[in-house]
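K.L.:
Have a look at this one.
The values are calculated or read from the model by the stated rules, or taken from the named source; none is laboratory data. Because the structure is predicted, anything quoted here is derived from the model rather than measured. Every residue, glycine as well, gets a Cβ built from its backbone with ideal geometry; the counts of neighbours run over all protein chains shown. Accessible surface is based on the protein model in full, side chains and every heavy atom, while ligands, DNA and RNA are left aside. Shrake-Rupley method; radii C 1.70, N 1.55, O 1.52, S 1.80 Å.
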Amino acid sequence: MKKISLLFLWLCFFEVVAQNTPKEWDDYILSIKYLDIANKDSIPHWSEKLAASGYPRAEAYALRLKGFYQDFEDNRSEALDYYLKFLEASKELENPDDELSAVSDLVYTYLISGQHLEAKNQIMQLLSRYQPSDFSPKRLAVLYNNLGQCYLKEQKSDSALLFYNRSLKIKEDIDDLPGIANSKINLAALYVRLENFKEGLKLSNDNLEYLKNEPSTDLWYNLINKAGALHGLGRNVEAENVLLNAMQLADSLDFKMQRERSHNHLSVFYYDNGDFKNAYEELLKSNELQNELLDEQTADKIAELQEAYNAKEREQENELLSAQLEAQKNRQLLLLIGVLALALLAGIIGFAYQKNRKKNALILSQNEKLTQLNSEKNHLMSVVSHDLSSPFSAIKLWAQNLSESSKKDLKESEDMILKTADFGLKTIKSLLTIDKDEIHPVHLENVDLALLFKDLVSRFKPLADTKKIDLIVHVEQDQEELLTDRSLLFRALENLLSNAVKYSETGTEVILRSYQHNNFLCFEVKDHGPGIDQEELKTLFDRYKTTKNQTTAGEHSFGLGLNIVNRIAGELGGKIEVQSRPGEGSVFTLSVPL
């Protein structure tokens, strides 16, 4: 009888699960508090229920919950494995918000394991696939918050502050109180880092009043921020008490990462106050816990999992490309069959009257087509040479700088080599579309103009320095961002600056100026080169057109750069103009609509 009762209850449970609608499962996902470590023991039950739902989105979230459970157990590599599976499932569901959640989980894991470049790469890949408007405001705020953390790891405090404030603004607009508290945690930590201790203390106290001292990881972060602010203000007795409270909280939560960081903060505090004995003891405890959290095998495992996931994505991309090529081949075959059928029909109709004439016309047509195909092949090779010469030249010059740079400048050289190599790889991927009606589909995003100019100057500084040319930037508009395709805009300005440096004399200057005119943002590149003859200006933007002028250091020119700029200007809805006279240099102006 007991067995029958248990069977009946099980069948009832199965029936309830089976009858749940997608909307009910979505509500269930929102209702469970799996982000709170206090509910760790309930997560396996929740994940099993979701996995048995038969609803794809719920099954995907079952993977996420398993990742959180492993995370709470300090099993970082196992957690990463589930997060990557959750990301893959979210992509298949084509749900931007869920994909953003998966990326946020990965970013968190990469950041705490010291892989901030991989964390930022995940965010940038996501932004390349979606527009900010594709995400719900709450999820977009999370994305900006994560991007701020990546910039903070790169020592770019201004960029971190910008995205933290963007995140806070969105959360305030939607009255997301827990989210506001989270953003204030990050802002307080940043203000302490920037030695704005009063603002950091104010934000920490605001959060502590909201949290009401309920044990949580958020409470721990606020205590750490408050201690840092008090220490910076010279209130060391209060700072020590707050740090000890944070240590007690970490012990009660039994969360190793918080315990390790508490010992680390105490070690720094004691060292700053000359208590070297306690500083050393706390440092030993911190190192011991850190080794437990992440040893070399764990870090290697994380990298291995990421590479496996990347390899799978590459395989999927190759399969998709093969399918596209096969489809294109079939279309071309059908088109060729159609053309031949029409030609054959025309030949039959006119065979008696124009046999020899048709035969000669067919031969001529085939010769012209072969000539055209050969020209297109040569053009593609020229584009490859042109577009890849700039990034590889920049990499060479930055690599040379490594041996000449001070220790302080090594990081800048390393970053620029990585950025330039990444740009070169993106250029390779876009080459197959160079002869289509458009360069590539336009991906609109809010482009940070200050960062854009910084990247452009950094790209050409080594080449300009070899010719003792000063690169000068004048920003005359108030607008800090522009909604456009950053990749296309960067490529156009790169070509203009490359020509300016190539044709400018040693010891002169190249000026990059931006200003607003009517409804356009104008980018002006001025050089002190030999200038261009008025007759040559008429065909300057035609493909393969080069001027009679020679570059000043023997650099190569294929006559493609300005043609590419002209086409990009059209893609962006703008225009390119030039003013030049022999002996007076040249001024190129790229206008992009606001």
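K.L.:
When a/c reaches 1.5 or more, the comparison of a/b and b/c decides; with that in mind, is the range 18-94 rounded, prolate or oblate per its Cα gyration tensor?
P.N.:
Oblate.
K.L.:
Rounded to the nearest 20 Debye, what is the dipole magnitude of the range 445-593 about its Cα centre when Lys and Arg each give +1 and Asp and Glu each give -1 at the C-beta?
P.N.:
On the way: 17 positive and 23 negative charges, 99 e Å.
The dipole magnitude comes to about 480 debye.
K.L.:
Something else about it: State the Cα centre-to-centre distance between the range 466-518 and the range 75-134 in whole Å.
P.N.:
The two parts, judged by their Cα centres, are 34 Å apart.
K.L.:
Using the heavy atoms of the protein chains alone and a 1.4 angstrom probe, what is the accessible area of the range 445-593 per residue in square angstrom?
P.N.:
Averaged over the residues of the range 445-593, the accessible area is 46 Å².
K.L.:
At a probe radius of 1.4 Å, what is the per-residue accessible area of W46, in Å² to the nearest 10?
P.N.:
For W46, solvent-accessible area is about 40 Å².
K.L.:
Leaving ligands, DNA and RNA out of it, report the carbon-plus-sulfur percent of the accessible area of the range 18-94 at a 1.4 Å probe.
P.N.:
It is 47 percent, rounded to a whole number.
K.L.:
Could you pull out the pairs from K256/K277; K49/K169; K138/K198 whose alpha carbons sit more than 31 Å apart here?
P.N.:
Details: K256/K277 23 Å; K49/K169 36 Å; K138/K198 28 Å.
Beyond 31 Å between Cα atoms: K49/K169.
K.L.:
Separate question: In Å², and per residue, what accessible area does the range 18-94 have when probed at 1.4 Å with the other protein chains present?
P.N.:
On a per-residue basis, 49 Å².
K.L.:
If S514, S31, S157 are ordered by their accessible area, calculated over protein heavy atoms with a 1.4 Å probe, which sequence runs from highest to lowest?
P.N.:
Ranked from most to least accessible, the order is S31, S157, S514.
K.L.:
Taking the radius of gyration and the Kirkwood hydrodynamic radius from Cα positions alone, what is the Rg/Rh ratio for the range 445-593, to two decimal places?
P.N.:
On the way: Rg = 14.6 Å, Rh = 15.5 Å.
In the range 445-593, Rg relative to Rh is 0.94.
K.L.:
In the range 166-262, if the dipole is taken from +1 on Lys/Arg beta carbons and -1 on Asp/Glu beta carbons about the Cα centre, which of V192, N225, N241 is farthest to the positive end?
P.N.:
Checking the options against the dipole of the range 166-262, the answer is V192.
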